[in-house]
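First up is the structure itself, then whatever we jot down about it.
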Amino acid sequence: MPTLTLYDNYTRSLRAFKPLHPDGEVGLYTCGPTVYDYQHIGNYRTFLFEDGLKRVLRWNGYAVKHVMNITDVGHLTSDADSGEDKMEKGARRTGKTAWEIAELYTVAFLDDLQKLAIDAPTILSRATDHIAEQIAFIADLERKGYTYRTSDGIYFDTTKQEDYGYLARLNREGLEGGKRINLGEKRCITDFALWKFSPLGEKRQMEWESPWGVGFPGWHIECSAMAQRYLGDFFDIHCGGEDHISIHHTNEIAQTEARVGTRLANFWMHGYFLLLNDAKMAKSAGAFLRIQSLIDRGYDPLSYRYLCLTAHYRKQLTFTWDALDAAQIALDRLREGFHALPTTPAGTPDAALIERFTTEINDDLNLPRALALSWEVLRGSLDLAVKRATLARFDDVLGFRLAAWSPPEIAVSDTVRTLAEERALARKSKNWTESDRLRDAINSMGWEIEDAADGYRLKPR
Ligand code: AMP
Ligand code: ZN
């Protein structure tokens, strides 16, 4: 089997993937949604990339233990550790409690995953269910001398680490020299909050006791703490969107190096942005498209999966309605082509094509080329049963649920149904002239009528 090669952003190189525990499961951690609002289709591009990775790992025979967090506290509106908690802001926007919106948007997120045929994670872990782990983590960092206190929280001292920012190849001198922003009590621009205190005299909806005072954890600590809890100090692959490289993942690595001396994951992989009108699609930018927005316009959510599969995950993709139209048409044709292949006799996949498919997907998840190969198979001259079996096997990775699809039933109008009934009566009384006349009338209305032993069938022409 061709070796699975993946692009690791930590080493900035393509590396052969070898599991850390050859006999166990591959450990995979993917940063999940911040549940203060619906996720937009840009977010789902990243989740689709991660789903593709998981499917490719499975294709290669690995069992995958996939942990995804739900950020339901601590993600502030500004990455510089100022601003409001997004959850509290979302609660105000909707008139619900922070706990209620966390539940509402988590359910909506899981529902969208289902619609996109994204497999649910093995473990879905909420930040608010893991406060004790986060406090224990921060306490360890404090013991090791990596923290300091300001009037609004406990901060990680990034100057204690020589190689802080290696993942992002951060130029610290450049950052320091060019800074014009108000650091507040932070000692260094890259330092980040581990624990924030509830503002004096204010009761937050989400707050907890801690050794440092009542408050809530920072965003970065939740992922390191939950990843370590479920996957250990050093696991196989950590993923997220490209925006996580410079801050969130950089800080996850810093904390973990400080606590246990590892960079947390062997591979760091990132999905590149979905753009809309030349800008990153973002919730904070106001208008954004949801999966439901696509459904409302008559698209099948899997057309969005198809669109994402046409671009490699390490290239940005610009969303346009024309591109989604093309994806919907292509998906329909693929489904129809597959559906027209006979289910009996059952065939077996073609070994040479499976090998070619593996070569594509194992080349850093080249799903666009794997998708192109599906078309080659569908249009080619293989034995039909082999064709069906090969495409069904490809679908384990592409995820279009081909085998479960059947053409939508087109409603027969009352007029056509009445004509068909009248024709059945005419045939019964052997009135062939009338029966032919009615058939012509039915044809002229766009329907074909087929006589069968048990009556008749109507099919669109
Ligand atoms: P969030 O809910 O903001 O925490 O984001 C969830 C995931 O979506 C993260 O992995 C982000 O990096 C990713 N993401 C955010 N915006 C985009 C975008 N426009 N295109 C692709 N991925 C994105
Ligand atoms: Zn994360």
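In table form, for the structure just shown:
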item	result
Failed item, numbered, when Ile247 is tested on (1) within 16 Å of ligand 1 (Cβ to nearest atom); (2) open to solvent by 20 Å² or more (accessible area, probe 1.4 Å); (3) touching a Lys or Arg at 6+ places or on another chain (Cβ under 7 Å); (4) aliphatic (A, V, I, L, M)	(3)
Residue under evaluation Gly271, criteria (1) within 11 Å of ligand 1 (Cβ to nearest atom); (2) more than 27 Å from Tyr313 (Cα to Cα), criterion not met	(2)
Filtered residues of segment 301-334 (kept if touching a Gly at 6+ places or on another chain (Cβ under 7 Å) and open to solvent by 10 Å² or more (accessible area, probe 1.4 Å))	Tyr313
Scan of segment 217-242 for residues that are open to solvent by 10 Å² or more (accessible area, probe 1.4 Å) and either part of a strand (DSSP E or B) or away from ligand 2 (no atom under 11 Å from the Cβ) (or both), ordered by number	Gln228, Arg229, Tyr230, Leu231, Gly232, Asp233, Phe234, Glu242
Any hit, segment 207-215, residues being among the aliphatic types (A, V, I, L, M), touching a strand residue (DSSP E or B) at 6+ places or on another chain (Cβ under 9 Å) and open to solvent by less than 30 Å² (accessible area, probe 1.4 Å)	no
Tabulated pairs, segment 229-257, first in contact (Cβ under 8 Å) with a residue 40 or more places away in the chain, second outside any loop (DSSP other than H, G, I, E, B) and of a type in the set (D, E, K, R), C-beta under 8 angstrom, 6+ apart or interchain	Arg229/Glu133; Tyr230/Lys65; Leu231/Lys65; His238/Glu252; Cys239/Glu50
Test result for Asn182, polar (S, T, N, Q) and in a loop (DSSP other than H, G, I, E, B)	yes
Among the candidates Ile135, Ile131, Ile123, Ile118, residue that is within 16 Å of ligand 1 (Cβ to nearest atom) and not polar (S, T, N, Q)	Ile118
Matching residues in segment 8-53 - criterion: being within 16 Å of ligand 1 (Cβ to nearest atom) and among the hydroxyl-bearing types (Ser, Thr, Tyr)	Tyr29, Thr30, Thr34, Tyr36, Tyr38, Tyr44, Thr46
Close pairs (8 angstrom Cβ cut-off, 6 or more residues apart or separate chains): over 18 Å from Gly240 (Cβ atoms) and among the acidic types (Asp, Glu) in segment 200-224, away from ligand 1 (no atom under 16 Å from the Cβ) and open to solvent by less than 30 Å² (accessible area, probe 1.4 Å) anywhere	Glu207/Ser198; Glu207/Gly215; Glu207/Phe216
Candidates Ala404, Ala392, Ala411 - the one that is under 23 Å from Cys308 (Cβ atoms), open to solvent by 80 Å² or more (accessible area, probe 1.4 Å) and either in contact with a Leu (Cβ under 9 Å, 6 or more places away or on another chain) or not charged (D, E, K, R) (or both)	Ala404
Among (1) without any contact (Cβ under 8 Å) to a residue 60 or more places away in the chain; (2) touching a Cys at 6+ places or on another chain (Cβ under 8 Å); (3) under 30 Å from Ala326 (Cα atoms), the one test that Met269 misses	(1)
Residue count, segment 64-73 (criterion: open to solvent by 40 Å² or more (accessible area, probe 1.4 Å) and within 13 Å of ligand 1 (Cβ to nearest atom))	0
Segment 120-132 residues that are closer than 21 Å to Lys54 by Cβ and assigned by TED's automatic domain parsing to the domain that holds Ala98, paired with ones that are open to solvent by less than 20 Å² (accessible area, probe 1.4 Å) and assigned to a loop (DSSP other than H, G, I, E, B) (beta carbon under 9 Å, 6 or more apart)	Pro121/Gly32; Leu124/Gly32; Ser125/Gly32; Arg126/Val35; Arg126/Asp72; Arg126/Val73
Residue in segment 287-297 that is within 16 Å of ligand 2 (Cβ to nearest atom) and not polar (S, T, N, Q) present	no
Unmet criterion (only one of (1) modelled with pLDDT under 95; (2) over 13 Å from Ile131 (Cα atoms)) for Glu207	(2)
Every residue from segment 21-51 that is away from ligand 2 (no atom under 16 Å from the Cβ), within 26 Å of Pro368 (Cβ to Cβ) and out of contact with any helix residue (DSSP H, G or I) (no Cβ under 7 Å at 6 or more places or on another chain)	Gly42, Asp51
Test set (1) crowded, with 21+ Cβ neighbours inside 10 Å; (2) within 15 Å of ligand 1 (Cβ to nearest atom); (3) of a type in the set (A, V, I, L, M) - Leu76 fails condition number	(1)
Those residues of segment 90-102 which are surrounded by fewer than 21 Cβ atoms within 10 Å (Cβ to Cβ) and either closer than 28 Å to Ala120 by Cα or away from ligand 1 (no atom under 16 Å from the Cβ) (or both), in sequence order	Ala91, Arg92, Thr94, Gly95, Lys96, Thr97, Trp99, Glu100
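The values are calculated or read from the model by the stated rules, or taken from the named source; none is laboratory data. Note that the structure is a prediction, hence the values are computed from the model and not measured. In this analysis, Cβ positions are derived from the backbone assuming ideal geometry, glycine residues included, and neighbour counts consider all displayed protein chains. What goes into the accessible areas is simple: the full protein's heavy atoms, side chains included, and nothing from ligands, DNA or RNA. Shrake-Rupley method; radii C 1.70, N 1.55, O 1.52, S 1.80 Å.
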